[in-house]
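Engineer: One structure follows; several queries about it will come next.
The values are calculated or read from the model by the stated rules, or taken from the named source; none is laboratory data. The structure presented is a predicted model; accordingly, all values stated were derived computationally and were not measured. In this analysis, Cβ positions are derived from the backbone assuming ideal geometry, glycine residues included, and neighbour counts consider all displayed protein chains.
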Amino acid sequence: MPKSRATPRTLKLLREWGWYYWGVEQHNAFSGRKTDLFHIIDYLVITNFSTIGVQSCAGDFAAHVKKLTEDELEHTLAWLRTPHRKLILIGWRKVLRKRGMKQRIYKPRIAWLYLDGDDLILEEKDTTSYGQK
């Protein structure tokens, strides 16, 4: 699934959670590529208690985890070291609607990244509940 398909799903999910968001990805018309804010953030979310950076992906969830925890670790840590900031990775995958059925639907796979002291923690949350406000 191309990234453009993940975008409306992610924005719909953020609206369902009641979050205010803004797209911070920049499109380079010359190269045709998109550049994330600090190479890690597609959308900024403002809640009553925190500012959350959202990374959205359509397919390769593991590659995006690697990007946030290894390739762009310096940017991830710089973002998370500031008080009241969080980072969330939302990946979309096709799953069976019900066991034994053939119909498939897209479900989000959600991982929160935060610091516990100096340790970077990646914690997957249940997708049936809404995100933290």
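Engineer: Limited to segment 81-105, what total is found for residues that are modelled with pLDDT under 90 and under 15 Å from the mean Cα position of the chain (by Cα)?
Structural biologist: 1
Engineer: Now, a different point. Only one of LEU68, LEU44 is in contact with a strand residue (DSSP E or B) (Cβ under 9 Å, 6 or more places away or on another chain) and over 18 Å from PRO8 (Cα atoms); which?
Structural biologist: Checking each option against the conditions leaves just LEU68.
Engineer: I need the full set of residues from segment 81-121 which are in contact (Cβ under 8 Å) with a residue 24 or more places away in the chain and over 20 Å from LEU13 (Cα atoms), in order please.
Structural biologist: Across segment 81-121, the qualifying residues are ARG81, HIS84, TYR114, LEU115, LEU120.
Engineer: Here's a follow-up. Counting only residues that are among the polar types (S, T, N, Q) and in a strand (DSSP E or B), which one in segment 20-42 is farthest from the chain's Cα centre (by Cα)?
Structural biologist: So the residue we want is ASN28.
Engineer: Tell me which residues, restricted to segment 106-122, are aromatic (Phe, Trp, Tyr) and at pLDDT 90 or above.
Structural biologist: Within segment 106-122, TRP112, TYR114 meet the criteria.
Engineer: Sticking with this structure for a sec: Provide a single number: the residues in segment 8-45 that are surrounded by 11 or more Cβ atoms within 10 Å (Cβ to Cβ), out of contact with any helix residue (DSSP H, G or I) (no Cβ under 6 Å at 6 or more places or on another chain) and closer than 20 Å to LEU113 by Cα.
Structural biologist: Residues flagged as surrounded by 11 or more Cβ atoms within 10 Å (Cβ to Cβ), out of contact with any helix residue (DSSP H, G or I) (no Cβ under 6 Å at 6 or more places or on another chain) and closer than 20 Å to LEU113 by Cα within segment 8-45 amount to 16.
Engineer: Which condition from (1) among the hydrophobic types (A, V, I, L, M, F, W, C); (2) assigned to a loop (DSSP other than H, G, I, E, B); (3) more than 16 Å from ARG85 (Cα to Cα) is the one that PHE49 breaks?
Structural biologist: The failed condition is (3).
Engineer: Just for segment 64-95: of the residues that are in a strand (DSSP E or B) and of a type in the set (Val, Ile, Thr), which one is nearest to PHE49 (Cα to Cα)?
Structural biologist: Among those that are in a strand (DSSP E or B) and of a type in the set (Val, Ile, Thr), it is ILE88.
Engineer: Then there's this: Could you tell me which numbered condition ASP36 fails, if it satisfies all but one of (1) touching a residue at least 24 places away in the same chain (Cβ under 8 Å); (2) within 14 Å of LEU87 (Cα to Cα); (3) of a type in the set (D, E, K, R)?
Structural biologist: If we test ASP36 against (1) touching a residue at least 24 places away in the same chain (Cβ under 8 Å); (2) within 14 Å of LEU87 (Cα to Cα); (3) of a type in the set (D, E, K, R), just (1) comes out false.
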